[in-house]
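Peer 1: The structure is given below, and queries will be raised subsequently.
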Amino acid sequence: MQIKAVVLALAAAVSFNAYAEAPIVIKFSHVVATDTPKGQAADRFKELAEKYTKGRVKVEVYPNSQLYKDKEELEALQLGAVQMLAPSLAKFGPLGVKEFEAFDLPYIFPTKQALYAVTEGPIGKSLLQKLEPKGITGLAYWDNGFKIMSANKPLHTPADFRGLKMRIQSSKVLDAQMRALGANPQVLAFSEVYQALQTGVVDGTENPPSNMYTQKMHEVQKHLTVSNHGYLGYAVIVNKKFWDGLPTDVRGQLEQAMREATTYEKAIAQRDNDLAMDAIKKAGTTTIYNLTAQEQAEWRKTLAPVQKAMEGRIGKDLITSINKTAAAAQ
């Protein structure tokens, strides 16, 4: 009887130790390809997180909407089905944090320096804090780049958009942007865009070059315009309850991994977009057009009213602060 008790105690101890040593699993879901800036940075975070925690954390990365599509992933995070996402900033408007839609405003960021003055300063920090009541902790901003327009017809002036069905993310600002150009905005999940372009469900879309190339949209779009009219960025977010429940030392190690992955991501974003544009050019399926100074001025003039129209939704003070911060960074 005594031996049996000892055996049971040992078995319990082994079982407890096995449980105690089981790694903390972070499911990191995203909707783009692994060879995009976001995809590569997610993989870099996995590598660094597992290294710095010495295996106490295991990061499982699920790219290309393998787990969830655009509309589903935020709810999955809030429910704890996944622990980490890097959604585009436009995704937070439908969640009720409309201030993030400021990032969608056309021509609000004249340069990357202006952008970083916002994301890395007090404005960026205060926006991430607005996610906490939704059960979300914001960890970092990741970059993609400035957007180009594409369609199966040349897009040189705003008049060329008239009547086109243009795919957008779910964003009131992007809806207003396309309507200002005379187009009909169509909200579609990112994973559905290629087929929609291929079958004519939509006529065109907007994307940074790296997204266009890695999703092979250039194969079904005859024309693209280097408009740099808008910006696409992401926020890396985690389930707040999960994050707050981590051991303090583990959380610190993950924060270090995120800082380094973010530095890496920003370094490769512009490079990858430049390489993607070269690859699209070499593919020969798409005519690339650069706006003249006069055409660029016409685009700016046509899209300028969008900022004013969105003041009631995003907040006039926030838009003014972003413009001031961006101007000072020039």
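The values are calculated or read from the model by the stated rules, or taken from the named source; none is laboratory data. For clarity, every value in this text was computed on a predicted model and none was experimentally measured. Neighbour counts are summed over all protein chains in view; Cβ atoms, including those assigned to glycine, are modelled from backbone coordinates with ideal geometry.
Peer 1: I'm checking my understanding of the structure. Among residues of segment 235-263 that are within 16 Å of the chain's Cα centre (by Cα) and of a type in the set (G, A, S), which one is farthest from A41 (Cα to Cα)?
Peer 2: Checked segment 235-263; the qualifying residue farthest from A41 (Cα to Cα) is A235.
Peer 1: Of everything in segment 277-312, what is under 19 Å from N152 (Cα atoms), among the small types (G, A, S) and out of contact with any His (no Cβ under 7 Å at 6 or more places or on another chain)? Give them in sequence order.
Peer 2: A279, G284, listed by residue number.
Peer 1: Does segment 16-28 contain any residue that is aromatic (F, W, Y), touching a Ser or Thr at 6+ places or on another chain (Cβ under 9 Å) and either over 26 Å from M217 (Cβ atoms) or in a loop (DSSP other than H, G, I, E, B) (or both)? Spell out how you get there, then give the answer.
Peer 2: Pass one, segment 16-28, residues aromatic (F, W, Y): 16, 19, 28.
Next cut, touching a Ser or Thr at 6+ places or on another chain (Cβ under 9 Å) only: none.
Within segment 16-28, none of the residues are aromatic (F, W, Y), touching a Ser or Thr at 6+ places or on another chain (Cβ under 9 Å) and either over 26 Å from M217 (Cβ atoms) or in a loop (DSSP other than H, G, I, E, B) (or both).
Peer 1: Can you pull out every residue in segment 152-175 that is among the aliphatic types (A, V, I, L, M) and either surrounded by fewer than 23 Cβ atoms within 10 Å (Cβ to Cβ) or in a loop (DSSP other than H, G, I, E, B) (or both)? Give the steps one after another, and end with the answer.
Peer 2: Kept after step one, since they are among the aliphatic types (A, V, I, L, M), are these residues of segment 152-175: 155, 159, 164, 166, 168, 173-174.
Correct list: L155, A159, L164, I168.
Peer 1: Output yes when any residue across segment 277-294 is surrounded by fewer than 16 Cβ atoms within 10 Å (Cβ to Cβ), in contact (Cβ under 8 Å) with a residue 24 or more places away in the chain, of a type in the set (D, E, K, R) and within 17 Å of S227 (Cα to Cα), and no when none is.
Peer 2: No, segment 277-294 has no match at all.
Peer 1: A114: surrounded by fewer than 21 Cβ atoms within 10 Å (Cβ to Cβ), part of a helix (DSSP H, G or I), touching a helix residue (DSSP H, G or I) at 6+ places or on another chain (Cβ under 7 Å) and in contact (Cβ under 8 Å) with a residue 40 or more places away in the chain, yes or no?
Peer 2: yes
Peer 1: Filtering segment 242-276 down to residues that are among the small types (G, A, S) and touching a residue at least 60 places away in the same chain (Cβ under 8 Å), which residue is surrounded by the fewest Cβ atoms within 10 Å (Cβ to Cβ)?
Peer 2: Filtering segment 242-276 for residues that are among the small types (G, A, S) and touching a residue at least 60 places away in the same chain (Cβ under 8 Å), the one surrounded by the fewest Cβ atoms within 10 Å (Cβ to Cβ) comes out as A257.
Peer 1: Give the number of residues within segment 264-304 that are over 23 Å from K216 (Cα atoms), assigned to a helix (DSSP H, G or I) and over 25 Å from the mean Cα position of the chain (by Cα).
Peer 2: Going through segment 264-304 one residue at a time, the tally reaches 8.
Peer 1: State whether the residues of segment 57-64 include one that is crowded, with 18+ Cβ neighbours inside 10 Å, in a loop (DSSP other than H, G, I, E, B) and touching a residue at least 24 places away in the same chain (Cβ under 8 Å).
Peer 2: Yes, because at least one residue in segment 57-64 is crowded, with 18+ Cβ neighbours inside 10 Å, in a loop (DSSP other than H, G, I, E, B) and touching a residue at least 24 places away in the same chain (Cβ under 8 Å).
Peer 1: Filter segment 227-241 down to the residues that are under 26 Å from T302 (Cα atoms) and touching an Asp or Glu at 6+ places or on another chain (Cβ under 7 Å), then identify the one that is surrounded by the most Cβ atoms within 10 Å (Cβ to Cβ). Show your work before the answer.
Peer 2: Initial filter on segment 227-241 (under 26 Å from T302 (Cα atoms)): 227-233.
In the following step, the residues that additionally are touching an Asp or Glu at 6+ places or on another chain (Cβ under 7 Å) were identified as 230, 233.
Details: G230: 24, G233: 22.
For segment 227-241, the residue satisfying everything is G230.
Peer 1: Okay, next question. Can you tell me how many residues in segment 176-192 are assigned to a strand (DSSP E or B) and closer than 22 Å to A102 by Cβ? Steps first, answer last, please.
Peer 2: To start, the set of residues in segment 176-192 that are assigned to a strand (DSSP E or B) comprises 184-187.
Within this subset, residues satisfying the condition of being closer than 22 Å to A102 by Cβ are 185, 187.
Here the count works out to 2.
Peer 1: Conditions: (1) at pLDDT 95 or above; (2) surrounded by fewer than 18 Cβ atoms within 10 Å (Cβ to Cβ). Y141 meets all but one. Number of the miss?
Peer 2: The number of the failed condition is (2).
Peer 1: Still on this structure: Go through segment 74-88 and give me each residue that's surrounded by fewer than 24 Cβ atoms within 10 Å (Cβ to Cβ) and part of a helix (DSSP H, G or I).
Peer 2: L74, E75, A76, Q78, L79
Peer 1: Shifting gears a bit: With in contact (Cβ under 8 Å) with a residue 24 or more places away in the chain, small (G, A, S), in contact with a Leu (Cβ under 6 Å, 6 or more places away or on another chain) and over 19 Å from Y194 (Cβ atoms) as the only criterion, which of A42, A49 stands out?
Peer 2: Being in contact (Cβ under 8 Å) with a residue 24 or more places away in the chain, small (G, A, S), in contact with a Leu (Cβ under 6 Å, 6 or more places away or on another chain) and over 19 Å from Y194 (Cβ atoms) holds for just one of A42, A49, which is A49.
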